[in-house]
Amino acid sequence: MAFRMPDHREIAQAIGDTKGLSLFLRRALTPGDDFEPIPAPHPGDWLSVHQEPGQGFQEFAGSNPRRPGGRKNRIYLAPLGEFAEDAGPRLDMLRDCAAAYFMMDVFVLPRAEVNTNRFTTRINPVTRNRQVLSLDVLVYLRQNMPKDAFCVLAVTMEDLYPEEDWNFVFGQASLKTGVGVFSFARYDPAFYGYTRGRDCERLLSMRSCKVLVHEISHMFSLAHCTFFHCLMNGSNHLAESDARPIHLCPVCLRKLQYSVGFNVVEYYQKIFHFHRTYDFDREAQWVNRRLEHIMGT
Ligand SMILES: [Zn+2]
Ligand SMILES: [Zn+2]
C-alpha cells in the first residue's frame, strides 16, 4: 500500500490532547510554521519500500515505552577503534549533542580496541576495508554495561556487517537490552574514494549527530515518524538522511518529553547552546525561532 500523507486531523490526533499541560509545553506542541510536512516518498526512499504503521503519542504512551528511571538514568557512548582527529566526529561533540537532545547525563567510556580475539572481522570484498561483526559488539556491550546505564551506544569509524552474506550495515541495536552500535564510516566521503571537501568535517559531524539522536530515540521506544519531516523519519539512503532535519516534530517531542520529563524551554535552550558551540548556525536559528514561538516573544 502506497504511503498516504497525513491530513491536519490525523496530525492533531497524533499530537493528542494537550489540555492540562503547562503553557510552554502546549505551545511547543503547536507546530506553527516551523515544521515541514513529511515529503512524498520517491522511488527508493524509505516510505516507498517500508510500510510504517505510524505511532501517535497516545499509542506510544500506552505501549509501555522504555524510560530512564530509578538507577538506570545515564546514557553511555562507547567509542570503538580509532577516531582520527581529521576523519571522524569529535567524541566531546557527540556527548554534548546527546546531553542536549535527551537532557540526561552522558558519559564517554574508555575507547575499546578492535581486538580480533573479541570481535570477528573480515575484509569486505568490494571496498577492501576491514569490517567488524556488529553482533559481537552488542554482546561485548551487554557484558560490560554499567549498572546505571539506560542505554549504551558504541560509535565507530569501522565499517560493520551483521552476518556473512550481507555487504554492510550502518548499525544494529537491541531495544530490549538497551545496547547498540553505529558506524560513521560510510558518512565520510573518503570511504567511497572521494576527496574530502571544505565542508566535509561539518557534514560528517552533522550526519553523526543525526544518527546518534535518531538511534538513541529508538532506545526510548520512539518508532519512525510519519507525521512531519522529522529526525525520526526512516531513511533508506544518505541523501534521504541528509535531507532530514535534526529536530523532533511535535509528535515525537511529546513522546520524549513524556519519558524524560524535561522542561521544554530548558531543552531548547540547551540545544541552542549546543548548536552555537559547534557552529551549526542554521540549526541554532531554527531553535531560536522555536523558543520565540514557545515563550511568546
Ligand atoms: Zn530508525
Ligand atoms: Zn516526528
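The values are calculated or read from the model by the stated rules, or taken from the named source; none is laboratory data. Computed from a predicted structure; not experimentally measured. Because the Cβ atoms are built from the backbone with ideal geometry, glycine has one as well, and the counts that use them run over all protein chains shown.
Of all residues in the stretch 175-209, exactly one satisfies the criterion of being within 19 Å of Ala100 (Cβ to Cβ) and within 11 Å of ligand 1 (Cβ to nearest atom), namely Phe182. Gly32 passes every criterion in (1) under 27 Å from Ile294 (Cα atoms); (2) of a type outside the set (S, T, N, Q); (3) modelled with pLDDT of 95 or more apart from (3).
Where residues in the stretch 221-243 are more than 9 Å from ligand 2 (Cβ to nearest atom) and under 11 Å from the mean Cα position of the chain (by Cα), which of them is nearest to Asn64 (Cα to Cα)? Full working, then the answer.
Residues of the stretch 221-243 that are more than 9 Å from ligand 2 (Cβ to nearest atom), as a first pass: 221, 223, 234-243.
Those still in the list that are under 11 Å from the mean Cα position of the chain (by Cα) too: 234, 241.
Numbers: Gly234: 22, Ser241: 28 Å.
Among residues in the stretch 221-243 that are more than 9 Å from ligand 2 (Cβ to nearest atom) and under 11 Å from the mean Cα position of the chain (by Cα), the one nearest to Asn64 (Cα to Cα) is Gly234.
State which residue is surrounded by the most Cβ atoms within 10 Å (Cβ to Cβ) when the search covers only the stretch 213-238 and only residues that are away from ligand 1 (no atom under 11 Å from the Cβ) and at pLDDT below 95. Looking at the filtered set, the residue picked out is Leu238.
Condition (residue is away from ligand 1 (no atom under 16 Å from the Cβ), of a type outside the set (Ser, Thr, Tyr) and outside any helix (DSSP H, G or I)) applied to the stretch 263-273: is it met by at least one residue? Step through it out loud before you land on a result.
Step one: of the stretch 263-273, the residues away from ligand 1 (no atom under 16 Å from the Cβ) are 263-273.
Next, only the ones that are of a type outside the set (Ser, Thr, Tyr) stay: 263-266, 269-273.
Subsequent filtering for residues that are outside any helix (DSSP H, G or I) retains 263.
For the stretch 263-273, residues away from ligand 1 (no atom under 16 Å from the Cβ), of a type outside the set (Ser, Thr, Tyr) and outside any helix (DSSP H, G or I): present.
Residues of the stretch 239-250 that are buried (at least 21 other Cβ atoms within 10 Å of the Cβ) and away from ligand 1 (no atom under 15 Å from the Cβ): His247, Pro250.
Condition check ((1) touching a residue at least 12 places away in the same chain (Cβ under 8 Å); (2) touching an Asp or Glu at 6+ places or on another chain (Cβ under 8 Å)) across all residues:
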{"residue": "Phe191", "(1), (2)": "yes, yes"}
{"residue": "Tyr194", "(1), (2)": "no, no"}
{"residue": "Arg198", "(1), (2)": "no, no"}
{"residue": "Arg207", "(1), (2)": "yes, yes"}
{"residue": "Val211", "(1), (2)": "yes, no"}
{"residue": "His218", "(1), (2)": "yes, no"}
{"residue": "Leu231", "(1), (2)": "yes, no"}
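In the stretch 262-276, the condition of being under 30 Å from Phe168 (Cβ atoms) and within 16 Å of ligand 2 (Cβ to nearest atom) is met by no residue.
Would you mind finding the one in Phe57, Phe24, Phe35 that is surrounded by 15 or more Cβ atoms within 10 Å (Cβ to Cβ) and within 30 Å of Lys147 (Cα to Cα)? The unique qualifying residue is Phe57.
When Ser63 is tested against (1) assigned to a loop (DSSP other than H, G, I, E, B); (2) surrounded by 14 or more Cβ atoms within 10 Å (Cβ to Cβ); (3) small (Gly, Ala, Ser), only condition (2) is not met.
What do you reckon, is Gly171 touching a residue at least 12 places away in the same chain (Cβ under 8 Å) and within 17 Å of Ala98 (Cα to Cα)? Steps first, please.
Values: touching a residue at least 12 places away in the same chain (Cβ under 8 Å): yes; within 17 Å of Ala98 (Cα to Cα): no.
Criteria not met by Gly171.
Among the residues of the stretch 2-27, just one is over 16 Å from Ala223 (Cβ atoms) and in contact with a Ser or Thr (Cβ under 7 Å, 6 or more places away or on another chain), namely Arg26. Residues in the stretch 106-157 that are over 27 Å from Arg67 (Cα atoms), part of a strand (DSSP E or B) and of a type outside the set (A, V, I, L, M, F, W, C): Thr121, Arg122, Arg130, Gln131.
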